[in-house]
Amino acid sequence: MELQSLKYIAKQLMAGNKGLLAMDESTNTCNKRFKALNIPQTEEYRRKYRDLIVNTPKLEEAISGAILFDETIRQSTSDGKLFVEILKEKGIIPGIKVDESARDMDGFPGEKITEGLDGLQERLAEYYKMGARFAKWRAVITIGENTPTSGSIKANAFLLARYAIICQEAGIVPIVEPEVLMDGDHSLQTCAEVTNEVLHTVFNQLYQQRVNFEGMILKPNMIVPGIKAAQQDSADVVADATINCFLRCVPAAVPGIAFLSGGQSPELASERLNAMHVRFRDKMPWALTFSYSRAVQQPALEKWGGKDENIEEAQKLLYERAYINTVARDGKYTPELEKHPVA
Ligand code: 13P
């Protein structure tokens, strides 16, 4: 394993006040988002949309790395240039989603298991040649009346750890993403207990599978109440619960933590990231940033709506949302910024 190179990539991904852009929606997920906005669910429209994203002016000022999907890493702009080439020219590191999505977990009603280890070595070798230098695997943990079970947490953690060591051996930085879903009406306290258990289990498995903590990035959920919970806690409460949990669970050797947004509004995702930096700036051993998909893309996707004449406006919104999150990473976000984001 070439640890120096993994450490260097991880450091670049977490540099300054930038964050990651998750643009790795699977065909199913992308089509679901398109359908809601009456955008045609075809390969060409998915290509057009990703073309819009990679060609967003100034994107590289806010984004250090972009996570692509298998279809996307093979696609090109309308004038025939591979998206990966555009990203590299901008100094944005290309990454790749390598899990093959979460599916119902046999024997565990209501829970999910993520697949994708078969042939992973070969796929990684190909992605490396195409320019990918980091990867992502998302495990899904569901909070319900009788879930999550320790059986599903352990199985998902084991697979995350196997994926991570295989990536490191291939010279690719693994983003380890155990997502505790926001779906439901559970309290912030429940999310905290589950996330605590999940992270301890994941780091235990990472250790057992000989993953080098210095050469990986964690992509976790924030500790938040369920989306339907009666009590919606303040950004400060979310920040305290989240960082106090990580301080107990995430080794200091891990260079970076980059949040998923998980269905939070773009504004809340920024406000909460900001609160963590304001309250814990000097107490965190790792760099802390964003790796949002919906919370960065949604306003731009809605503005675009599949229409060429809206591309420029949509790109402006995409850049603004990414920029606002860099301000949050500096701990300087204010709600005022939402009105006049870019000075
Ligand atoms: P969201 O920010 O929309 O949760 O997506 C992040 C991601 O990469 C999910 O795997």
Residues in region 7-27 that are of a type outside the set (A, V, I, L, M), in a loop (DSSP other than H, G, I, E, B) and within 15 Å of the ligand (Cβ to nearest atom) total 3
With criteria (1) in a helix (DSSP H, G or I); (2) more than 20 Å from Phe158 (Cβ to Cβ), His200 comes up short on (2)
Would you say Ala139 is at pLDDT 95 or above, surrounded by 18 or more Cβ atoms within 10 Å (Cβ to Cβ) and more than 21 Å from Tyr292 (Cβ to Cβ)? no
Only one of Leu124, Leu120 is modelled with pLDDT of 95 or more, closer than 21 Å to Thr72 by Cα and touching a helix residue (DSSP H, G or I) at 6+ places or on another chain (Cβ under 6 Å), namely Leu120
Wholly inside region 28-107, strands (runs of 3 or more DSSP E) that include 2 or more residues that are buried (at least 19 other Cβ atoms within 10 Å of the Cβ) and of a type in the set (A, V, I, L, M) are 63-68, 93-97
Within region 214-250, residues in a loop (DSSP other than H, G, I, E, B), within 16 Å of the ligand (Cβ to nearest atom) and crowded, with 17+ Cβ neighbours inside 10 Å come out as Met216, Lys219, Pro220, Asn221, Met222, Ile223, Val224, Gly226
Expected single match for under 24 Å from Pro148 (Cα atoms), at pLDDT 95 or above, more than 16 Å from the ligand (Cβ to nearest atom) and over 16 Å from the mean Cα position of the chain (by Cα) among Gly91, Gly107, Gly80, Gly131 is Gly107
Of the residues in region 256-302, those that are more than 10 Å from the ligand (Cβ to nearest atom), touching a helix residue (DSSP H, G or I) at 6+ places or on another chain (Cβ under 9 Å) and in a loop (DSSP other than H, G, I, E, B) come to Ser265, Lys283, Met284, Pro285, Trp286
| task | With respect to Ile175, determine if the residue is of a type outside the set (D, E, K, R) and assigned to a strand (DSSP E or B). | result | yes
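The values are calculated or read from the model by the stated rules, or taken from the named source; none is laboratory data. Computed from a predicted model, the values in this text were never measured in an experiment. All Cβ positions, even for glycine, are placed from backbone atoms using ideal geometry, and neighbour counts span all protein chains on display.
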